[in-house]
1. List every residue pair whose Cβ atoms sit under 8 Å apart, with the two residues 6 or more apart in sequence or on different chains, where the first one lies in the range 84-97 and is in contact (Cβ under 8 Å) with a residue 24 or more places away in the chain and the second, anywhere, is among the small types (Gly, Ala, Ser) and surrounded by fewer than 19 Cβ atoms within 10 Å (Cβ to Cβ).
2. Could you say whether any residue in the range 177-188 is among the basic types (Lys, Arg) and under 21 Å from the mean Cα position of the chain (by Cα)?
3. Does GLY218 fit the bill of being in a loop (DSSP other than H, G, I, E, B) and either in the same structural domain as LEU141 (by TED's automatic domain parsing) or in contact (Cβ under 8 Å) with a residue 60 or more places away in the chain (or both)?
4. Please indicate, with yes or no, whether at least one residue in the range 275-285 is among the hydrophobic types (A, V, I, L, M, F, W, C), in the same structural domain as ALA138 (by TED's automatic domain parsing) and part of a loop (DSSP other than H, G, I, E, B).
5. Any idea how many residues of the range 79-102 are over 21 Å from ALA113 (Cβ atoms) and not charged (D, E, K, R)?
6. Any chance you could count how many residues in the range 152-169 are closer than 12 Å to LEU141 by Cβ and either outside the structural domain of PRO188 (by TED's automatic domain parsing) or surrounded by fewer than 20 Cβ atoms within 10 Å (Cβ to Cβ) (or both)?
7. How about the range 222-268: which of its residues are among the hydroxyl-bearing types (Ser, Thr, Tyr), under 23 Å from the mean Cα position of the chain (by Cα) and outside any loop (DSSP other than H, G, I, E, B)?
8. Checking the structure you have, find out if any residue of the range 191-212 is more than 20 Å from GLY252 (Cα to Cα), in contact with a Pro (Cβ under 7 Å, 6 or more places away or on another chain) and outside any loop (DSSP other than H, G, I, E, B).
Amino acid sequence: MATTTAVAPANSMFRVQHTGPLTALQIVDKIIAQSGASGRAKTVDRITAGDPTAAVTGIAVTAMATFDCLKAAAAAGCNLVVTYEPVWWLDDDSLDRMEGDGLFAAKRDFLRAHNMVVFNFHDHWRDRAPDGIAAGMAKALGWEGYIADMSHPATFRLPPTTLLGLAKELHTKLGDRTMRMVGDPRLPVATVAAIWGNAEQMATIHLLNGSADVVICGYTHEWEAVEYAQDMVAVGDKKGLILLGDIKSVEGGMQYCADWLKTFITDIPVTFVPVAEPYWNPADLG
């Protein structure tokens, strides 16, 4: 007797559905889609370590996938790490340069032993509307009500303070122990512009020559924007520059990212993992 195979019509209840655990690749695809950001011609956003088909037990979100962060994620039962900064110490995370490096091998072997996957989520998070890092840093600082222009959410009109007062506020709210300042501590401050993370030379110079009293950034070349700000002060310009360090200038944005992920990933735990500040201050040691 001849047999026939029934074919379910399109969009019917018989269509095959994925019912197993979500894989890292499926979650990454969902994150990118939810960001709403269009793809760049070249991006650093991709899985940079681990098996994309691994079933995800938990998601750890962090500003930088340091070894300590990976250990904390594993201890929390998370095997997908969503990181803003790369795991292999370079923007494009190219691995050929690390052949024979002992630390690379140790970090790789730890990831393998814990079935961990690392997803670099940088460009789409910055390109979404609003910029995820800018929105998160404004929230972390309690400055959401001070945004001067919603189309540029990193410019703020603050209650009047001084450069020293602003630095103390940043120190308290961000737990930043090793920030650096350029300018007169008594400088009156009302308008602040921020470049969260890396501040390129001309972008920083443009802001310093604008209406902002102070520019806040993560880091910049000292012989470029820092020297420019120092020379502005030397000729009498009433300006200031604050360098927070990379982690402290983006970490609020990644805590915001963890909260955002929880709005559409509801069946897998999402945990924010803070990163220890890499620098120390002699004054803290007594």
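1. Close Cβ pairs satisfying both conditions: TRP88/SER94.
2. Looking through the range 177-188, at least one residue is among the basic types (Lys, Arg) and under 21 Å from the mean Cα position of the chain (by Cα).
3. Answer is no for this residue.
4. no
5. 3
6. 2
7. Once the filter is applied, which keeps residues that are among the hydroxyl-bearing types (Ser, Thr, Tyr), under 23 Å from the mean Cα position of the chain (by Cα) and outside any loop (DSSP other than H, G, I, E, B), the range 222-268 yields SER249, TYR256.
8. The answer is no; no qualifying residue exists.
The values are calculated or read from the model by the stated rules, or taken from the named source; none is laboratory data. Treat the numbers as computed from the prediction; the structure is a model and nothing was measured. Cβ: placed from backbone, ideal geometry, glycine included. Neighbour counts: every protein chain shown.
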